[in-house]
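Step one of this worksheet: look at the structure below.
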């Protein structure tokens, strides 16, 4: 059995096991009674929210490509997006997502150097939007993590934001060049080359961000709309369960907080941590006995269905042999 099928079967097994554990550990005597109130239209609404989010994601990618003086179609942008979901779920820490984006952008005719920069910019803008949202979440939602004060979380967020700004300004003006050279002196040649290549690509990404500020502001807004639409899956599912009096500000804030954490998790696509975090954050908001089911439905709509679409595009465009070569690297 080749490496692709091994990883694919492992992922399916992992998803099934995690989903089973989450549902089994959260089901109680109230489950059937609350599920009996569920309205199927909320599934369609959740799928529509994801589709709208994908549209904004494709639109922002097209605008970024245009800023780099290249051009791709909306269909090619969609392939990039779904390809990202596919390889991100097959690799630890979602590292394969960046590889998939590069593959599809190069296939669309974007040069490798520009494609690398676009992937970095796309990720940076998403993280930046989430970081900007954090202070508003902590000011509104007290005790989001048991045992950790919101003041501590706010301090961590503001520190992270300051570090991001310092890196951007330092790279833009060349202040970080000396730091990178200094850090690389004791590294082996291969690691040194990788560090220099990453730093060069990061500087190029920052230059692209500052090249067309008005266009980048539009891309930043589209990044936010993309993420908010995808996070709206949970409010859609809650409405289907008859939850109408929830604090939707808190619900969306906790979805933003959870997905911010998922950017830095080591498991493929955040599997396990996403479901566990959801149960922790929403056990008091979701009707009794249904929090695990809602967590699994959220992951199914937000990650696993796009994963299967990404699988189709990857195999259609590149073939299984190409995919095997990528996973064996």
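Brief remarks on what is shown
- For region 188-322, the alpha-carbon radius of gyration amounts to 1.36 times the rule-of-thumb value 2.2 N^0.38 Å expected for a compact globular protein.
- √(5λ) per eigenvalue of the Cα gyration tensor, region 82-182, largest first, Å: 31, 22, 12
- Radius of gyration (Cα atoms) of region 212-288, expressed as a multiple of 2.2 N^0.38 Å: 1.27.
- For the chain: relative contact order, % (alpha-carbon pairs under 8 angstrom, 6 or more apart): 36 percent
- When the convex hull of its Cα atoms is projected in every direction, mean area for region 185-252 (nm²): 8.2 nm²
- Each principal axis of region 274-323 carries a Cα extent, and these read 46, 14, 11 Å when sorted largest first.
- Separation of alpha-carbon centers, region 104-158 and region 1-40, rounded to whole Å: 28 Å
- Measure of compaction for region 3-327 (Cα Rg per 2.2 N^0.38 Å): 1.04
- Angle between the chain longest axis and helix 150-173 axis [Cα atoms, degrees, rounded to 10]: 20 degrees
- The angle between the Cα long axis of helix 273-282 and the main principal axis of the chain comes to about 50°, on a 0 to 90 degree scale.
- Separation in nanometres of the label points that stand 7 Å from Cα toward Cβ, at residue 284 and residue 175: 4.2 nm
- Comparing 13, 35, 128 in a Gaussian network model of the chain where C-alpha atoms under 10 Å apart are linked, the largest mean-square fluctuation is found at 13.
- Among 84, 189, 207, residue whose mean-square fluctuation peaks in a GNM of the chain (springs only between Cα atoms under 10 Å): 189
- Taking the helices alone, the chain has a mean residue ellipticity at 222 nm of -25500 deg cm²/dmol, built from -39,500 (n - 2.57) per DSSP H run of at least 4 residues and averaged over all its residues.
- When the chain is treated as a GNM with alpha-carbon contacts under 10 Å, the residue of 191, 214, 203 showing the greatest mean-square fluctuation is 191.
- Once the Kirkwood radius over Cα pairs is known for region 1-76, the Stokes-Einstein relation at 25 °C and 0.890 mPa s delivers a diffusion coefficient of 145 µm²/s.
- Protection proxy ranking, peptides 37-44, 291-298, average beta carbon neighbours within 10 Å, highest first: 291-298, 37-44
Bear in mind that the values in this text are calculations on the coordinates, not laboratory data. Computed from a predicted structure; not experimentally measured. Glycine also receives a Cβ, built like all others from the backbone with ideal geometry; neighbour counts cover every protein chain displayed.
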